[in-house]
1. Kindly list, by first and then second residue, each pair from a residue in the range 50-79 that is touching a residue at least 12 places away in the same chain (Cβ under 8 Å) and more than 12 Å from residue 98 (Cβ to Cβ) to a residue that is of a type in the set (Asp, Glu) and not in a helix (DSSP H, G or I), limited to pairs with Cβ atoms under 7 Å and residues at least 6 apart or on different chains.
2. Looking at (1) open to solvent by 30 Å² or more (accessible area, probe 1.4 Å); (2) in a helix (DSSP H, G or I); (3) at pLDDT below 90, which one does residue 71 not meet, given that it meets all the others?
3. Please go through the range 84-110 and pick out each residue that is over 15 Å from residue 34 (Cβ atoms), open to solvent by 50 Å² or more (accessible area, probe 1.4 Å) and assigned to a helix (DSSP H, G or I).
4. From the residues in the range 111-120 that are in contact with a Cys (Cβ under 9 Å, 6 or more places away or on another chain) and open to solvent by 50 Å² or more (accessible area, probe 1.4 Å), which one is modelled with the highest pLDDT?
5. If the Cβ limit is 7 Å and pairs must be 6+ apart or interchain, which residue in the range 1-27 that is under 24 Å from residue 114 (Cβ atoms) and open to solvent by less than 50 Å² (accessible area, probe 1.4 Å) pairs with which residue that is part of a helix (DSSP H, G or I) and modelled with pLDDT under 90?
Amino acid sequence: MRLRAEQRLRRAADFEQVRRHGRRVHCGAFVLQVLRRSTYVYAGGSAGCRFAVIASRRVGNAVKRNRAKRLFREILRFHQGCLPSDCDAVVVVRVDFEKYPFAVLKQRFTVACAQLRKAG
């Protein structure tokens, strides 16, 4: 099952808002950035959490970057309920993501979500 269009971050301004004002959790293989939409004006009016995955060229060639994006999109789909329903989340993939098995990446994502919930 794919993420629907309204579940994806698309506009550069939305990415910038999350980058500037969102909370960050560093997880080794990735950085999770989350911003609740109630803290800024969103023109789309969509309900639900929106996601994006960023894998820069430092991660590797196109094959590695696409694999990273597929893995993290799957984690985001599976654990959507861990995040608040009115937030924007960006996962920034780090170079060493391949060192970690998929189960460890999922576990680190859930721990990161728990840290964000605890922080408020």
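The values are calculated or read from the model by the stated rules, or taken from the named source; none is laboratory data. These numbers come from a predicted model, not from an experiment. Positions of Cβ are generated from backbone atoms using ideal geometry, with glycine treated the same way; all protein chains shown enter the neighbour counts. Protein only, heavy atoms only, side chains kept; ligands, DNA and RNA dropped before computing areas. Shrake-Rupley method; radii C 1.70, N 1.55, O 1.52, S 1.80 Å.
1. Taking only residues 6 or more apart or on different chains, the pairs are 50/88.
2. For residue 71, the failing item is (3).
3. 95, 98, 99, 102, 103, 106, 107
4. The extreme case among them is 111.
5. So the pair list comes out as 3/77; 9/15; 25/115; 25/116.
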